Amino acid sequence: MRLFTPILLAGVLMSGCDARADGFVVGTVLPSPTSVAALGRDGHSTRDMVEAVRDGDLAKARRLLDADPALARIGDGRNLDLLTLAVARDDRAMVSLLLEKGAPPDGPNGETSLSLALRAREPWHAQALLQAGASPDPVAPDAFWPLDEAIALNSLGAVRLLLDHGADVNRADRTGGTPLETAVAMRNYRIAELLLERGADPWAVGVNGDTIAAALNAPVRPAEPVEIQAEARVKARMTAAGWRFPPPSAQAVRADVLAGRWPPAGAEGGRPPSPELVRRMRELWPSESSR
């Protein structure tokens, strides 16, 4: 099972601008004056462009971009660029202008702009970035995973938005963990139900033999009635897919995977584990591989 660590954005909010902190979920860290000032250190035009975005001066920003479209790509290469700055200010007109002029929708590192947008209370920014070409999936093997962010926030709308823009519902990390496993482990059953509706594999297995059914069978129950109701529906879907509760142990699952018997006969909607996952399982459990 994966351990999910929420992404906290490095402080990038500047003095002299209206930071719409109430427009984001609690715990969102917005941009610091120091970080913003650092963006404008590479020349007069760069400083003017950063100040225009910081102050929400759309006319000035357009004038500068018309003269030099490359200014739209100003960023520190780590976690701050003009697009992220505009999202932090909830400046929709500026976001639209920057995207129109060529600002990379995935941000400087493939994550910050969309990560911040997914934490906004309104979906406008995330939708704008995705429509402009931001990736709904990680841009590198260990990069930010938008679906994980949305699941951790228990944002059913954000998960649906990402799926509507092509997020891979069955993408697995290097341990075999999937979005469905994350949702069930976090007791976010409405999201788990949506993922199953969109084709999530109920028989996905991790390198240790962990399964979605095992996570679903854990004794911890969700607190909210709406999630308790969704949990029952998810369990019904899993049963319809061929699962029986209590599910087999992780050791029994590993034995079946390593013997090429996974998913078992009668499983509905399951896919065989990837060769890479089987290889890693053999490496992690060499004594079982030799049986």
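The values are calculated or read from the model by the stated rules, or taken from the named source; none is laboratory data. This is a predicted model, so every value here is computed, not measured. Every residue, glycine among them, receives a Cβ derived from its backbone with ideal geometry; neighbour counts consider all protein chains shown.
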Open item on the list: Within the stretch 177-192, does at least one residue satisfy the condition of being in contact with a Lys or Arg (Cβ under 8 Å, 6 or more places away or on another chain), under 18 Å from residue 271 (Cβ atoms) and assigned to a loop (DSSP other than H, G, I, E, B)?
Closed with: yes
If we keep only residues of the stretch 83-121 that are modelled with pLDDT of 95 or more, charged (D, E, K, R) and under 16 Å from residue 73 (Cβ atoms), then the residue surrounded by the most Cβ atoms within 10 Å (Cβ to Cβ) is 101
Among (1) under 22 Å from residue 173 (Cα atoms); (2) assigned to a helix (DSSP H, G or I); (3) β-branched (Val, Ile, Thr), residue 53 falls short only on (1)
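Please find, within the stretch 28-50, the residue that is surrounded by the most Cβ atoms within 10 Å (Cβ to Cβ) out of those that are of a type in the set (Gly, Ala, Ser) and in a helix (DSSP H, G or I). Before you say what the answer is, go through the steps one by one.
To start, the set of residues in the stretch 28-50 that are of a type in the set (Gly, Ala, Ser) comprises 32, 35, 37-38, 40, 43, 45.
Subsequent filtering for residues that are in a helix (DSSP H, G or I) retains 35, 37-38, 45.
Details: 35: 19, 37: 15, 38: 14, 45: 15.
Filtering the stretch 28-50 for residues that are of a type in the set (Gly, Ala, Ser) and in a helix (DSSP H, G or I), the one surrounded by the most Cβ atoms within 10 Å (Cβ to Cβ) comes out as 35.
Taking the stretch 1-27 as the search range and keeping residues that are assigned to a loop (DSSP other than H, G, I, E, B) and at pLDDT 80 or above, which one is nearest to residue 154 (Cα to Cα)?
As a first pass, look at the stretch 1-27 and keep what is assigned to a loop (DSSP other than H, G, I, E, B): 1-11, 13-20, 25-27.
The next check asks that each one be at pLDDT 80 or above; those that pass are 25-27.
Numbers: 25: 11, 26: 13, 27: 14 Å.
If we take residues in the stretch 1-27 being assigned to a loop (DSSP other than H, G, I, E, B) and at pLDDT 80 or above, then 25 is nearest to residue 154 (Cα to Cα).
Small (Gly, Ala, Ser) and closer than 18 Å to residue 100 by Cα - does that describe any residue in the stretch 26-33?
Let us first name the residues in the stretch 26-33 that are small (Gly, Ala, Ser), namely 27, 32.
If we keep only those that are closer than 18 Å to residue 100 by Cα too, we end up with none.
No, the stretch 26-33 has no match at all.
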Output for Cβ contacts, cut-off 6 Å, separation at least six or different chains, first residue more than 15 Å from residue 83 (Cα to Cα) in the stretch 28-43, second among the basic types (Lys, Arg) and assigned to a loop (DSSP other than H, G, I, E, B), reads 28/119
> surrounded by 14 or more Cβ atoms within 10 Å (Cβ to Cβ) and either small (Gly, Ala, Ser) or in contact with a strand residue (DSSP E or B) (Cβ under 6 Å, 6 or more places away or on another chain) (or both) - does that describe any residue in the stretch 274-288?
Replying inline: no
* Asked: Looking at residue 221, is it among the basic types (Lys, Arg), surrounded by fewer than 21 Cβ atoms within 10 Å (Cβ to Cβ) and modelled with pLDDT under 95?
  -> yes
